[in-house]
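Asker: Sharing a structure here in structure tokens format.
The values are calculated or read from the model by the stated rules, or taken from the named source; none is laboratory data. Because the structure is predicted, anything quoted here is derived from the model rather than measured. Every residue, glycine among them, receives a Cβ derived from its backbone with ideal geometry; neighbour counts consider all protein chains shown. Quick note on the areas: whole protein, heavy atoms, side chains included, nothing else; ligands and nucleic acids left out. Shrake-Rupley method; radii C 1.70, N 1.55, O 1.52, S 1.80 Å.
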4 protein chains.
Amino acid sequence: MNSFGNIFRVAVFGESHGACVGVTLDGVPPGIPLTTEDFLPDLERRKGGIQKGTTPRKEDDLPVFKSGIFNGFTTGAPITILFENSNIRSLDYEAQKAIPRPGHADFVAHEKFNGFEDYRGSGHFSARLTVGLVAAGVIAKKILSKIDIKATIIEVGGEKNIEAGLQKGIDAKDSVGGIIECIAKNIPVGWGEPFWDNMESMIAHAMFAIPAVKGVEFGAGFQAAKMFGSDHNDAIINEEGKTKTNNAGGIVGGISNGNDLIFRIAVKPTSSTPKMQESFNVETRKMESFSVKGRHDLCVALRAPVIVEAMTALVLADFYMIDKLRK
Amino acid sequence: MNSFGNIFRVAVFGESHGACVGVTLDGVPPGIPLTTEDFLPDLERRKGGIQKGTTPRKEDDLPVFKSGIFNGFTTGAPITILFENSNIRSLDYEAQKAIPRPGHADFVAHEKFNGFEDYRGSGHFSARLTVGLVAAGVIAKKILSKIDIKATIIEVGGEKNIEAGLQKGIDAKDSVGGIIECIAKNIPVGWGEPFWDNMESMIAHAMFAIPAVKGVEFGAGFQAAKMFGSDHNDAIINEEGKTKTNNAGGIVGGISNGNDLIFRIAVKPTSSTPKMQESFNVETRKMESFSVKGRHDLCVALRAPVIVEAMTALVLADFYMIDKLRK
Amino acid sequence: MNSFGNIFRVAVFGESHGACVGVTLDGVPPGIPLTTEDFLPDLERRKGGIQKGTTPRKEDDLPVFKSGIFNGFTTGAPITILFENSNIRSLDYEAQKAIPRPGHADFVAHEKFNGFEDYRGSGHFSARLTVGLVAAGVIAKKILSKIDIKATIIEVGGEKNIEAGLQKGIDAKDSVGGIIECIAKNIPVGWGEPFWDNMESMIAHAMFAIPAVKGVEFGAGFQAAKMFGSDHNDAIINEEGKTKTNNAGGIVGGISNGNDLIFRIAVKPTSSTPKMQESFNVETRKMESFSVKGRHDLCVALRAPVIVEAMTALVLADFYMIDKLRK
Amino acid sequence: MNSFGNIFRVAVFGESHGACVGVTLDGVPPGIPLTTEDFLPDLERRKGGIQKGTTPRKEDDLPVFKSGIFNGFTTGAPITILFENSNIRSLDYEAQKAIPRPGHADFVAHEKFNGFEDYRGSGHFSARLTVGLVAAGVIAKKILSKIDIKATIIEVGGEKNIEAGLQKGIDAKDSVGGIIECIAKNIPVGWGEPFWDNMESMIAHAMFAIPAVKGVEFGAGFQAAKMFGSDHNDAIINEEGKTKTNNAGGIVGGISNGNDLIFRIAVKPTSSTPKMQESFNVETRKMESFSVKGRHDLCVALRAPVIVEAMTALVLADFYMIDKLRK
């Protein structure tokens, strides 16, 4: 259950403070040129660090190609890419172990895996695993050369002005959430499968796999529930299926309709807030106050747009492949 | 790509005005007692018809068991259940064929399937296919005997008072959308897979497969993006993982945390509004005004709660099975 | 786990003496013309009945199209085809129930499904399920219009003369087995995936799903183990990959090499021999002698070639689809 | 399509002369103790080198754990294990590139991957990938603690005396094939799925993924086709399903029947024979004589038993997991 996609498939593995995190891609066509440089811009975007409110982990985040690439091109065999972890601080996490952090997977992971989970820095549940996804997204974007995918943060801490939203968090000495909008242009008509693997289901599936995402909506989204049908319906105006409005966000019947794909995701505030919090200490069996130490983002949504783009690209690359079956 | 679930798997087939719609369930344990009567209450809820604003298709909607059930019990072999279509009116749809209806899959289906799609009443894209899902949901609910799943419509046409929302649509001679909230109680800690097949991804995947759904949010959902971390975090208060608040909607790290699962979906207004609309006539190659004839719901969200429950049950039954692997 | 294929997927359901047996095909391209008549020749071959040694069940075996076919063409949506069971004789099987028949699935099915299995005439384990596969094979053969698949029985009861082999069984008042050879011509170079889903693995997987198959070999097969490398290797003689010999049976590295695909399967003698046999009566808890009553084939291998062709076609159709991904 | 198994899933990646070969295991339960030492005996068996007729590649073959193992135990997260390639000799393969070697995947890989394949030492098609499978098999064997799996070579070069068979090859300055028999004891009744994923299909699928395997047979296998039904049928003699004979090889109806699982595989002679061979030079477009240089086994079957055991363990571990679903 650890892979996603029907033809262009992506599997992730690794832990935050283990040897590495990594990704394996199956179903990548042969002949795609790939160099380390291709990966750097998106990997850099994920690291963040320049913008107010991000305090990136000190990792080089250089992709190590382990298979499926030869003489600078994909071979058609499975591609495995690793990101070695160098900045490992296991001891930091021993102290915290008895007190499952609110909002984190500590408690559920411990229960689910009978106490054998790698608990250091969220282990396999860490957002660090998204570095592999961003790398996979770079390959997917190459496959989708005619499609333009762009995700931007449109709201932070309830403010449409991003700087103001961040300042609100800084002033409150607290973490804040945000909303990201993603638009993909030039998707042909007909991508998405009729029922289960329709485009909305597949994109939502991928989005909710990004840590901290708590909502996904397409086009008018939740606002659609408040509209009249005659207002919401997008009138088709030509034979290519171009519509007058785009309340559907480019998807009807679960299938792309040739208009821009538009969706938004809600990202919760960083669980590791600098504020004092309470949780149940499983050793003392009492509630306890504590504050999360160490490097943490004021707003995880800031670094998420490139991950959202990558995930979107992974889903679209799979549909691109499926579309070839029609030919 | 026409099935869903990892162990408890559900496949649908059929068309609105073809011979039947149906569902095949794979991975159902042997020994579950099943009678026709077990299916009737939920099938009746899906039909609607009593409440203002639903005008149900005249079908008996009696499940026909074709395989996997013997002497009143599931056998462990695949279960196929059909719902024969008797109320077929093919001719109604010939006239409309040249004008793809806005908000419907007509245009995309025609493009995707090179003109070979069954276009009658949305064909394979019809909401009629959900009758099979409701039947599947009945079986899933039997498996989940200790879990209580309840979906309710909490908003219609932007109004929290359902009657008022429906009246708004009736007055405007237009269709309206709505919001449904689903709560599932008594889910054990630890359901959901760490990354791709986490519980939010799987539920969202299933929800967006329901026709007309345009948004899904868990717990505080989109509101979470406006909160501070210290407000959003749910403090753990005992060793069972009970939390003081439930902004997470019962899921952290993609895994159930033992609190109520809570999510909401946005349902767009019925695409077939009684109002005059415009679309592009592919034969005359001109924009044209038309109104959709025939039986149609004022608000499709009214009949959706039982489908939402069924889909939730299908996802949870799959996780219930996966959970057995830990034993 | 009840479906097969990566893109062109086949699922079976039903029981020998239940309502029907059936098949659902997913991933079939739209626009393939299909009529009932297309199915009759292969269905007739499966029934047997003319040749000495087959005593076919009295069923019409007419395919009932339930979905995915419209106006005589495939639509691209899932295709479900049923074969209703009319010749049901449930009572015949009550008497036998306490004594699991040797060579049949009676004992294992009872254990596996905790006593809830449909035990009538092998239930879900019956060779009757192959009727759906033959129907699926007809569709697959249409897709593979340029490929010629032909399976023939080449040995019965250890005799290369089929009639002599059958007579041997008749004289001994016993059942006999046989060997079937299948040759597929005009498969392009490059079908099959490098590792797990190579062509030999996929064909063998399908073949062993046919009841009574106990061995599969490609090209020189078991004889290859006795050869020198210089004798077994097939020298490539032109740029299309044509080889001087074909000891590999058309597959190297698991991938088709452009030469004829050749393989053989071993079919065990019909388990339901007319001879007296012994088994353990689970009620009396004693060994007991009994003979299997009713209609049974002298040699099940006689009816198997069309099933072997169908299964081969299903595998090849899947590879045909996968091959499109390269374009 | 690069993974295998329904719940306990195995994916392989890597190339013979790339950075590494590796394996990812998904669905491994948490809490299994694992040390490097656990892997050494089986990895050593795969290397061969002591027995006449094997000339192993000089690699340490030490497993490098990259994920899913923490503090000496499996965590329940995906396990990735790498084997770095140190003994890489890329230049050796440039000269051979124009002449696809008979019996190898050179020609088909070049066609399938449009010339982008890593052609060095068979690249992704190399038997070196089996080192990852052997490692995976070690973990699977730990899960199957009560089951005893043992594969032995029972024939080489057509001789039942292994030494004689090898000497035959040495004398002829040619390579030889062999037959391996695998017996697994203590498999409970009821493993295997009724139709597609029955035990014979799954084992055969795995076996044919081992390079050079050209035949698989269960129990009496091809000999069964020559027997009478009354001779082949295994009489059940007690309530545990113990049978008097075991012509079925422990599987009826595709399901384990509680008796020993017995099967044999045919391994073709090593394609890289020291003898002069002919092939088509794609550059000169002429037939050409050549001999394969470098380190190669006289008989690849010699090193295969541990791979056969590993593959068997992978299939059985998957069934072991599926069996938990019944509880």
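Asker: Restricting to segment C:18-52, count the residues that are more than 10 Å from chain B (Cβ to nearest Cβ), of a type in the set (Asp, Glu) and over 16 Å from the mean Cα position of the chain (by Cα).
Answerer: So the answer is 2.
Asker: Sticking with this one: Counting only residues that are surrounded by fewer than 24 Cβ atoms within 10 Å (Cβ to Cβ) and polar (S, T, N, Q), which one in segment C:69-87 is modelled with the lowest pLDDT?
Answerer: Filtering segment C:69-87 for residues that are surrounded by fewer than 24 Cβ atoms within 10 Å (Cβ to Cβ) and polar (S, T, N, Q), the one modelled with the lowest pLDDT comes out as C:ASN87.
Asker: Looking at segment A:267-299, which of the residues that are of a type in the set (Val, Ile, Thr) and within 30 Å of A:VAL156 (Cα to Cα) is farthest from the chain's Cα centre (by Cα)?
Answerer: We begin by selecting, within segment A:267-299, every residue of a type in the set (Val, Ile, Thr); these are A:267, A:270, A:273, A:282, A:284, A:292.
Retained after the next criterion (residues that are within 30 Å of A:VAL156 (Cα to Cα)): A:267, A:270, A:273, A:292.
Numbers: A:VAL267: 10, A:THR270: 15, A:THR273: 21, A:VAL292: 24 Å.
Step by step, filter segment A:267-299, then rank; the result is A:VAL292.
Asker: If only one of A:ALA135, A:ALA140, A:ALA95 is touching a Pro at 6+ places or on another chain (Cβ under 9 Å), away from chain B (no Cβ under 14 Å) and not aromatic (Phe, Trp, Tyr), which one is it? Full working, then the answer.
Answerer: Numbers: A:ALA140 fails: touching a Pro at 6+ places or on another chain (Cβ under 9 Å); A:ALA95 fails: touching a Pro at 6+ places or on another chain (Cβ under 9 Å).
Going through A:ALA135, A:ALA140, A:ALA95 in turn, just one is touching a Pro at 6+ places or on another chain (Cβ under 9 Å), away from chain B (no Cβ under 14 Å) and not aromatic (Phe, Trp, Tyr): A:ALA135.
Asker: Sticking with this structure for a sec: Determine whether C:PHE107 is assigned to a loop (DSSP other than H, G, I, E, B), free of Cβ contacts under 8 Å to residues at least 40 places away in the same chain and in contact with a Pro (Cβ under 6 Å, 6 or more places away or on another chain). Even if it seems obvious, please write down each step before you answer.
Answerer: Values: assigned to a loop (DSSP other than H, G, I, E, B): no; free of Cβ contacts under 8 Å to residues at least 40 places away in the same chain: yes; in contact with a Pro (Cβ under 6 Å, 6 or more places away or on another chain): yes.
For C:PHE107, the condition - assigned to a loop (DSSP other than H, G, I, E, B), free of Cβ contacts under 8 Å to residues at least 40 places away in the same chain and in contact with a Pro (Cβ under 6 Å, 6 or more places away or on another chain) - is not met.
Asker: Quick test for you: out of B:GLU159, B:GLU155, pick the one residue that is of a type in the set (D, E, K, R) and crowded, with 20+ Cβ neighbours inside 10 Å. Can you show your working first?
Answerer: Working: B:GLU159 fails: crowded, with 20+ Cβ neighbours inside 10 Å.
The unique qualifying residue is B:GLU155.
Asker: Quick one: which residue in D:GLU217, D:GLU240, D:GLU200 is among the charged types (D, E, K, R) and more than 9 Å from chain C (Cβ to nearest Cβ)?
Answerer: Numbers: D:GLU217 fails: more than 9 Å from chain C (Cβ to nearest Cβ); D:GLU200 fails: more than 9 Å from chain C (Cβ to nearest Cβ).
Sole residue among the options that is among the charged types (D, E, K, R) and more than 9 Å from chain C (Cβ to nearest Cβ): D:GLU240.
Asker: Show the residue pairs meeting these rules: Cβ distance below 7 Å; 6+ apart or different chains; first residue within segment C:218-231 and closer than 24 Å to D:ALA204 by Cα; second residue in a strand (DSSP E or B) and of a type in the set (Phe, Trp, Tyr).
Answerer: Pairs found: C:PHE218/C:PHE263.
Asker: Quick one: C:ALA127 ticks every box in (1) at pLDDT below 95; (2) aliphatic (A, V, I, L, M); (3) open to solvent by less than 10 Å² (accessible area, probe 1.4 Å) except a single one, so which number is it?
Answerer: (3)
Asker: So for segment D:71-81 (the condition being without any contact (Cβ under 8 Å) to a residue 40 or more places away in the chain, closer than 30 Å to D:ILE162 by Cα and touching a Ser or Thr at 6+ places or on another chain (Cβ under 7 Å)), does at least one residue qualify?
Answerer: Step one: filter segment D:71-81 for residues without any contact (Cβ under 8 Å) to a residue 40 or more places away in the chain, giving D:71-72, D:77.
Within this subset, residues satisfying the condition of being closer than 30 Å to D:ILE162 by Cα are none.
The answer is no, given that none of the residues of segment D:71-81 is without any contact (Cβ under 8 Å) to a residue 40 or more places away in the chain, closer than 30 Å to D:ILE162 by Cα and touching a Ser or Thr at 6+ places or on another chain (Cβ under 7 Å).
Asker: Being under 15 Å from D:PRO305 (Cβ atoms) and at pLDDT 70 or above is the filter here, so list the residues in segment D:37-59 that pass it.
Answerer: Listed by number, the residues that qualify are D:PRO41, D:ASP42, D:LEU43, D:GLU44, D:ARG45, D:ARG46, D:LYS47, D:GLY48.
Asker: Considering each of D:LYS242, D:LYS214 in turn, give the residue that is without any contact (Cβ under 8 Å) to a residue 24 or more places away in the chain, basic (Lys, Arg) and on the phi < 0 side of the Ramachandran plot.
Answerer: Only one candidate qualifies: D:LYS242.
Asker: Here is a check on your reading of the model: is A:PHE116 modelled with pLDDT of 95 or more, in a loop (DSSP other than H, G, I, E, B) and within 24 Å of B:ILE255 (Cα to Cα)?
Answerer: Working: modelled with pLDDT of 95 or more: yes; in a loop (DSSP other than H, G, I, E, B): yes; within 24 Å of B:ILE255 (Cα to Cα): yes.
Yes: the conditions hold for A:PHE116.
Asker: Okay, moving on. Any residue that is facing another protein chain (nearest Cβ under 7 Å) and charged (D, E, K, R) - is there at least one of those in segment A:252-270?
Answerer: Within segment A:252-270, one or more residues are facing another protein chain (nearest Cβ under 7 Å) and charged (D, E, K, R).
Asker: Scan A:PRO63, A:PRO100 and give me the residue that is more than 20 Å from the chain's Cα centre (by Cα) and open to solvent by less than 30 Å² (accessible area, probe 1.4 Å). Can you show your working first?
Answerer: On the way: A:PRO63 fails: more than 20 Å from the chain's Cα centre (by Cα).
Answer to the check: A:PRO100.
Asker: Might you let me know whether segment B:166-178 holds any residue that is surrounded by fewer than 24 Cβ atoms within 10 Å (Cβ to Cβ), touching a strand residue (DSSP E or B) at 6+ places or on another chain (Cβ under 7 Å) and in a loop (DSSP other than H, G, I, E, B)? I'd like the intermediate steps shown before the answer.
Answerer: Taking segment B:166-178 as the starting set, the residues that turn out to be surrounded by fewer than 24 Cβ atoms within 10 Å (Cβ to Cβ) are B:166-168, B:170-174.
Pick out the ones that are also touching a strand residue (DSSP E or B) at 6+ places or on another chain (Cβ under 7 Å) and you get B:166, B:168, B:172, B:174.
Right, trim to in a loop (DSSP other than H, G, I, E, B) and you get B:174.
Yes, segment B:166-178 contains at least one residue that is surrounded by fewer than 24 Cβ atoms within 10 Å (Cβ to Cβ), touching a strand residue (DSSP E or B) at 6+ places or on another chain (Cβ under 7 Å) and in a loop (DSSP other than H, G, I, E, B).
Asker: Grab the strands (runs of 3 or more DSSP E) fully contained in segment B:219-327, keeping just those with 1 or more residues being buried (at least 24 other Cβ atoms within 10 Å of the Cβ). Working first, answer last.
Answerer: Details: elements: B:261-267, B:277-281, B:286-290.
Strands (runs of 3 or more DSSP E) meeting the threshold: B:261-267, B:277-281.
Asker: Okay, next question. Within segment A:275-327, track down each residue that is within 30 Å of A:LYS142 (Cβ to Cβ) and without any contact (Cβ under 8 Å) to a residue 24 or more places away in the chain.
Answerer: A:LYS324, A:LEU325, A:LYS327 - these are the residues of segment A:275-327 that are within 30 Å of A:LYS142 (Cβ to Cβ) and without any contact (Cβ under 8 Å) to a residue 24 or more places away in the chain.
Asker: Give the residues of segment C:1-17 that are open to solvent by less than 10 Å² (accessible area, probe 1.4 Å), at negative phi and within 7 Å of another protein chain (Cβ to nearest Cβ), sorted by residue number.
Answerer: Passing the criteria: C:ILE7, C:VAL12, C:PHE13, C:GLU15.
Asker: Residues being within 25 Å of the chain's Cα centre (by Cα) and among the aliphatic types (A, V, I, L, M): count how many of those fall in segment C:78-97.
Answerer: Final tally of qualifying residues: 4.
Asker: Among the residues of segment C:18-46, write down those that are closer than 17 Å to A:LEU325 by Cβ and open to solvent by 10 Å² or more (accessible area, probe 1.4 Å). Outline the logic, then answer.
Answerer: Residues of segment C:18-46 closer than 17 Å to A:LEU325 by Cβ: C:25-32.
Listed by number, the residues that qualify are C:ASP26, C:GLY27, C:PRO29, C:PRO30, C:GLY31, C:ILE32.
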